[in-house]
Amino acid sequence: MQPSEKLFRQSCEFIAGVSNKDALPEFNLPEIAFVGRSNVGKSSLINALTFRKSLARTSHTPGRTQQLNFFNLGGQLILVDLPGYGYAKVSRSTQATWQRLMRYYLKERANLKRVCVLIDGRHGLKPTDLEMMEMLDIHAVSYQLILTKKDKAKAADLEIIMANIEQVQATRAAMVPDVLTTSSHGALGIDKVQQALYDLAYPAI
């Protein structure tokens with residue numbers, strides 16, 4: 001078993017769900033946050049990474065994650081499930097509240113090592129994804145793109161999407177070069193995401 005897999009097979013416990021900045025918990029552990037458009041498969045990815053079926057709640061109704069959810073992975077890493085964005089049926093006031101909280105968290109969180117920005121492998125980058133990337137660039141927060149639902153995407157479409165990402169990447173200062181491709185079904189690419197996050201928790205000396 002690879003050390004990265006061993007890490008993610010450890011106990012992973014829900015610590016807190018936060019809807020305002022004053023309630024943000026303090027940890028002395030590195031944090032990894034996950035964000036993406038609603039229905040991008042964020043909860044499914046978190047469950048697949050941690051070898052669970054229901055650690056992060058999945059739903060056929062987009063926009064169910066309505067707070068910042070913190071999970072403690074084996075006392076070694078904090079995983080943070082951020083609210084999805086770009087879902088029209090959520091009120092504008094609610095979206096604005098989420099955005100303010102996420103902006104504060106992303107700007108002020110000292111232990112935040114990386115944000116995993118999930119992109120639907122069927123559709124590629126959307127304006128809301130670019131807005132999120134812009135915010136991360138402005139605040140100099142390291143982020144990495146993870147394409148989800150590869151099993152549902154056509155190979156030709158993926159090639160176009162990857163080419164577009166390469167063009168965009170040239171202007172993104174805080175973006176990690178490697179783009180990971182995954183599918184929660186069959187755990188496709190999950191090991192590579194685990195390894196990337198393991199390297200953040202245990203950087204090479």
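The values are calculated or read from the model by the stated rules, or taken from the named source; none is laboratory data. Keep in mind that what you see is a predicted model, and the values were worked out from it rather than measured. Glycine gets a Cβ as well: all are built from the backbone with ideal geometry, and neighbour counts include every protein chain shown. The area values use the complete protein model at the heavy-atom level, side chains included, leaving out ligands, DNA and RNA. Shrake-Rupley method; radii C 1.70, N 1.55, O 1.52, S 1.80 Å.
For the chain, adding -39500 (n - 2.57) for each run of n ≥ 4 DSSP H residues and dividing by the number of residues yields -10500 deg cm²/dmol at 222 nm. Highest-first packing order for the peptide set 69-78, 17-26, 171-180 is 69-78, 171-180, 17-26, based on the mean count of other beta carbon atoms within 10 Å.
With the charge dipole of the chain set up from +1 on Lys and Arg Cβ and -1 on Asp and Glu Cβ about the Cα centre, the Cα lying farthest toward the positive end among the listed residues T181, N72, S91 is that of S91.
Which stretch or stretches of region 1-17 have amide N atoms under 17 Å from the point lying 7 Å from R52's Cα along the Cα→Cβ direction? Those under the cut-off are 5-17. Expressed as a whole percent, the accessible surface of region 109-205 that belongs to carbon and sulfur atoms is 54, based on a 1.4 Å probe. Gyration tensor analysis over the Cα atoms of region 71-184 returns equivalent ellipsoid semi-axes of 23, 18, 16 Å (largest first, whole Å). With the simple spin-label model, which puts each label point 7 Å out from Cα in the Cβ direction, the N164 to E131 separation comes to 1.7 nm. Relative to the Cα centre, the charge distribution of region 125-205, modelled as +1 at Lys and Arg Cβ and -1 at Asp and Glu Cβ, gives a dipole magnitude of about 240 debye. Considering only P127, S142, V168, and ranking their Cα positions along the charge dipole of region 123-205 that arises from unit charges at the beta-carbon of Lys, Arg, Asp and Glu, the one farthest toward the positive end is P127.
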